[in-house]
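Before any comments, here is the structure.
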Amino acid sequence: MSKLHLVFGGRVSDPQGLDFTDLSALDVVGLFPDYNSAEKAWRAAAQRTVDDAEMKYVVVHLHRLLQPDAG
């Protein structure tokens, strides 16, 4: 199984947290087969919104949710 990663972002109520304020407005950047490609996509998305402190992008390690014991 590839190590799937999801990159998405949106407006958060606190820049230090992960409480997204409007789930219907999330920006789903995409699914990626490895961390390196996910990180590149995350960086590109985060750089586009660097001046907006309420916008946050994250990388989710989907492979850890699908197979938590696999490491």
One-quarter of the Cα convex hull surface for the chain, in nm²?
5.1 nm²
Can you tell me the 0 to 90 degree angle between the C-alpha axis of helix 35-48 and the longest principal axis of the chain, rounded to 10?
10 degrees
Probe 1.4 Å, protein heavy atoms only - accessible area per residue of the chain in square angstrom:
69 Å²
Given charges at beta-carbon only (K, R positive; D, E negative), |dipole| of the chain in Debye
280 debye
What distance in nm separates the simple spin-label points at Tyr35 and Leu66, each placed 7 Å from Cα in the Cβ direction?
1.7 nm
At a 1.4 Å probe radius, carbon and sulfur cover how many percent of the accessible area of the chain?
54 percent
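The values are calculated or read from the model by the stated rules, or taken from the named source; none is laboratory data. Computed from a prediction, not measured in an experiment: that's the story for all the values here. Methodologically, a virtual Cβ is constructed for each residue, glycine included, from the backbone with ideal geometry; neighbour enumeration extends over all protein chains shown. Just the protein is used for accessible areas: all its heavy atoms, side chains included, with ligands, DNA and RNA removed. Shrake-Rupley method; radii C 1.70, N 1.55, O 1.52, S 1.80 Å.
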